[in-house]
Each structure stands twice: as structure tokens, then as C-alpha cells.
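Derivation of every value follows stated rules applied to the coordinates shown; laboratory data play no part. Here the structure is a predicted model, which is why all the values come from computation and not from measurement. Using ideal geometry, Cβ is built from the backbone for each residue, glycine included, and neighbour counts are taken over all protein chains shown.
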Amino acid sequence: MKKYVTYIKAACLSTALMLGATACSDYLDKSEESDISATEPYKNFTNFQGFVELLYNNIPLFDKGYWTNSFNWGDDEIISANVNYHMVYKIDQGDFWGWQSEFDGWGTGWLDRGAFDAYKKDRFNKGLWPCAWWGIRQCNMGLENLDLLTDATSEQKKAIEGQLLFFRGWYHFMLMQYFGGLPYIDEVMNANGQLTRPRLSYHECADKAAADFRRAADLLPIDWDKTSISVITNGNNQRRINKVMALAYLGKNYLWAASPLMNYESTGSREYNREYAQKAADTFGELLDLVERGATQYELVSYDKIGEVFYSYGQNGRMPGLTEVIFRGPEWDPWQNTRYGLALQYVPTPYHPDGGGNNLSPCANYVNNYGMANGLPLDDPQSGWDKTHPWKDRDPRFYNDIVFDGCLITDNYQNPLPNIELFTSGASRDINTASRTGYALKKFLHPTCNRYDDGWGYSPQFTIGLSYLRLADVYLMYAEAVAQATGTPSGKVSACQLSALDAVNKIRERAGVEGVNAKFTGNLDSFMSELRRERAVELSYEGHRFNDLRRWMLIDKPEYADKTSVEFTRSGDFDPAHPENNAVSGYHEEVIVTRSYTEKHYWMPLKKSDCNMSAEFKQNPGW
């Protein structure tokens, strides 16, 4: 993407004066310097694309924004008992103010970094809040100056406009899902005009974002490599905004607008909004029809390659994702993937070279979402789950994602080592330096990434990175939208032959899990319980759960309040080669954290400085 960044440095003054500001209006204000070198960044496709490249540079990394990170803020993960500065701890305490840099002295939250510089390749200063407001302004400046792009083909002009519209919609959407309806900024703001902009309802914002996403989808190609506009970057366009990305976020924007929380904010109804659900279903149907027909470069990877969706190993730093990842952020620091920089949410003790500290353990209550290979949830009487053999015959994704008692902790290391001890008094059960819950996470690690095999580093190079959106998520969002729009799991849309049930089962089949049992397909509520569980399993620990629980208006419900550990002792003969078959006794769960939420926790609080700008810019309820 570097090859387009050639436009004259002086032109950057048009945005440079906003970089040190903190309030949203400061990123949106128009200053006199905005007119310096008015034509240089926009005069031809190469220069204009260089202007657009800054937007890619300012996609924040939610998974690597600090030395250690926490971004799973639902009921899914818990941090070491002696750590109180991570955002996940603040969320557990109900302190949602902690997202703001003013209240986060350590700088561990990814929504708001203390510093911001749009031109640096530095994950430490790319928080969502400043990146979004700055990016919205950048988009509006580009759109306002499209007429200056005279030295370009029609295809090139469409690509520039489509990228700008996508990013304007994306930045607004990313803010809206955390804060609710906001002013939708669709012009370059004058210093005297921004303070009177009122907050719109969520639906009003979603409609404006939808218009941007729809127009972007109509303008952009499916694959840049198959156009005449990417000659100098052919083969390096995987991250460039395309039609598939725009359709995916158009559908997601509509589904979020349909969701109970967003519908409640806009209409007062706590139910799904069927009109928006239908729009989401139609959009996802349009996209999945392209995918199912092989008309895109995207498809689900086979499950034996699922790890490569999240990491690459020994492939010269190739970014992970294969054909499944649709939208992701940049990768600035290769050393961050080594044993010296790898964020600890990826490294279960005793895998980590330092032996522990700042560990994030999967909560037992959340791991219970991983049902049985027969497709049934653990608590179903016919599932076959047995507390004396709790790891046996589980969903294959359980074995791929979760470290449980008795698992081998090395790959090629030759010296004999004990299997990991995660029973109640085991060596890897320490609330401060090891597992707090009886589980550890391995979903995002190559098997040699531990302190014994030492398989992480520059040789062979190990590269890890999570995405904002992948194709499996699209199938599940399609299923949710169609089910809610039609009122039945068997519902379809005209553009796609898959029913809601088909879409869920396609993801399960890929993982080797039986489909949704007939007992859950007779009515919408039963199907939704399985769909929610499927999202919890397939998208586990990828940063989705917190927003899902909020938009479903479930985050304050008692069944999602407790974070638990699993307690047991080993019994009978221990088989180190097949730990899934080992017997235990005294198996039970214990509550280690109870979160006390009210309806105010449906939304994050806005910055007080922004709310003080105008009576029209109201704080969220309860804050």
C-alpha cells in the first residue's frame, strides 16, 4: 500500500493542525490552513490514493494497542486478580468511564489512546475515538475535492469515491455501536458550525451510514487485482476496500439497527425491528449469493486450516486470514508477534516465557457454550455430557480453542514434561500468575508458541492478527437477520438460497459439529438461543461478545453477570495421550466475579468535554 503514498507533504497541513486535539469537534473543525495546496493531493489518481491511504493507517488495532491488551469485555474472559488497570477489569467493575484516556492512566484501552498522530505507524496512538473523528474529516475533505481529480479514469474515480464513502460510514458505525446515535458528519465542518449539531437517533445515523455503504458497494470492485487501477500494487490489494467489505458492513449496520437495544433507543420497543432486519437480510443475501456462486475471492477455509485465519507461521510474515478474513487493520510492528511483544491474552500460562502475569483466562461460564459434537448444548438432557468426564465428545472447536486439564503444553520439545495441571490444586492454577478459571486459551497460537519449543520470533516468523470481520460472521449475521425478518429459522430471501438454519449449519458442518437439533427449530426463540450460542463459540475471543450482549439487551441480566471457575480433582487412571477421556470428581463451578449492571451500561458514557460543547450533544442515560 506504500506505493500510493507520494503526494506532497505540504498538502498534509490541511489536517495536521487537528492531530493534538482531544474533543470530537477539534478533529472536525475547518481551519484556514485547510486550503493550503488545495489541488496537490487530489490532482491525479496516485496522489489522491496517497491521501486515502492515511485512512488505512488509522484503522485502530483493537488486539494490539498496548503491551498487553484486553478487548473481550463480555462474560468471556477474566484477568489476573492482581491486575486492576486493564479495561476488562474496569468493565467488570461497571466503570465504563475507563474507555477514556482521561481515566486510563496506563493507556490500555483501545477506544481512546492518550496520544494521536495520523501520520505515524504506531499502534500506541491509534485509539478509535480520535481515529474516527479525524478519519471522518479526512473522508469529507476528499469527497469535497473529488471534482479536482481530473487526471484519472472513470474506474479510478469510482475507486477513490467508494473508499471515502466506506470509511465515512465505517467510522460512524464503529462509534455508534458503543455510544448510540451521534451527529452524522457529512461535510467539512466550519469552526462556527459544529457545536449546534444535535445527536441523531440510532436509526437516523444508521440510515446515513447505510447510504454511504450502499453507494460505496455500487462504486467499488469486488477484487482490485482484477481491475486496471492496481497495476503497480497487483497482488497486494487484499486490504483495499472493495464491494464485499462495503456490503458486509452495510448488512451489519442494518442488523445492529434492527437489534433490540438500537431499536429501543430509536423507537422505545425492546424487540427486533423487522424492517431493518429485512434490509440486513437482503444485503447479506446479496453478498452471500456472490460468495456461494464463487464470484468473489472469499470463501470459508477448511477447518484444518482455521488457525491460519488468525496467524501465519514460517511464511515470511504473511498476514493471516486466507480467504476468510474480509476486513482487518494494519500490521506495523513485526516484533510484536515475537515472545517479547506478544500480547498476553494470546499466551496461556505456562506457555509464556516470563511464566505468567497479566493473564486472561477463559471464564468457565463462557466455555460452557462449547456444547457436544452432536450439536446439543451441555445442559440438554440428551447431550450426553457427564460431569465425571467433562471434556469428552465435545464440539471440536473446544479442543481447538481451549486448554483444559491434562492438555500437552508443547509440540516438538523432547524432554519429558507434565501435561498441564488445571485441576483445583494444580500447578497452573494461580489467580495472579496462571489460570484463574481452570481453562486457558490457545485459539490464536501456533502449537510451537511456548517457552519450551520457542517457536515464536523472527525465524521462523510468526505473525498473529485478529480481524474486524470474517466470512463466518457474515453467515451468522445473515442467519440472525433472516430469522428475525421472517419470523422462522426456515426463512430465506430471494437473493440467496440459504435459509437461516442452513447458514448456521454451514458453519457447524465446517467445524465437524452436527447441525441445530430439530427441537430448536420449531420456533424463533428456541432457534435464537442456539444462534446466540453459535456466535459465542465460532467467534469466541475475537472481540464480539461485549457488543452482542449489549445489542441483545442481555448484558445486565443475571445469567450473564457471573464469571466462574471450574473446580475438580482428577480421578481414576490419567491418560496423558488422551486428556479428553480423563475422569474427574467433585466437578462444580464457583463464582469469582459478579458484575452489577443496570440499563445505563447498555451504552458507553460520552466524554464530558464533548457533552459540554452544546446542550444538543447529550450524555447517555445514567451517566
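The table below lists the values:
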| quantity | calculated |
| --- | --- |
| Approximate spin-label separation Thr598-Glu144, in nm, with each point projected 7 Å along Cα-to-Cβ | 4.2 nm |
| In nm, spacing of pseudo-spin labels at Lys226 and Asn517 (7 Å Cα→C-beta vector) | 4.3 nm |
| Three-way shape label, segment 247-318, alpha-carbon gyration tensor, a/c 1.5 | prolate |
| Cβ-placed point charges (K, R +1; D, E -1), dipole of the chain about Cα centre in debye, nearest 20 | 820 debye |
| Estimated distance in nm for a label pair at Met613 and Asp304, the labels positioned 7 Å out from Cα along Cα-to-Cβ | 5.5 nm |
| Backbone N within segment 421-445 under 14 Å of label point (7 Å from Asp575 Cα along the Cβ vector) | none |
| Paired Rg and Dmax values of segment 104-243, which use every Cα atom, in angstrom | 16.6, 49 |
| Positive-end extreme of charge dipole, the chain - chosen from Ala38, Gln138, Leu288 (charges on Cβ) | Ala38 |
| Dipole-positive endmost among Leu300, Gly329, Gly105 within the chain (Cβ charges, Cα centre) | Gly329 |
| Length gained when the stretch Asp525-Ala495 is fully extended (0.36 nm per residue, less Cα-Cα span) | 8.3 nm |
| P(r) of the chain over all Cα-Cα pairs, binned every 20 Å from zero, in whole percent | 19, 55, 24, 2 |
| Peptides 436-445, 523-532 ordered by average Cβ neighbours within 10 Å, highest first | 436-445, 523-532 |
| FRET efficiency estimate (nearest 0.05) - Cβ-Cβ, Val591 to Ser459, R0 51 angstrom | 0.70 |
| Cross-link pairs Lys64/Lys600; Lys64/Lys90; Lys90/Lys563; Lys252/Lys443; Lys64/Lys443 - those with Cα-Cα distance over 21 Å | Lys64/Lys600; Lys252/Lys443 |
| Other-chain or far-sequence residues with amide H under 5 Å of Leu111's (modelled H) | Leu128 |
| Full-stretch length increase - Glu271, Thr153 - with 0.36 nm per residue and alpha-carbon distance subtracted | 37.8 nm |
| Proportion of all alpha-carbon pairs of segment 398-523 beyond 21 Å (%) | 59 percent |
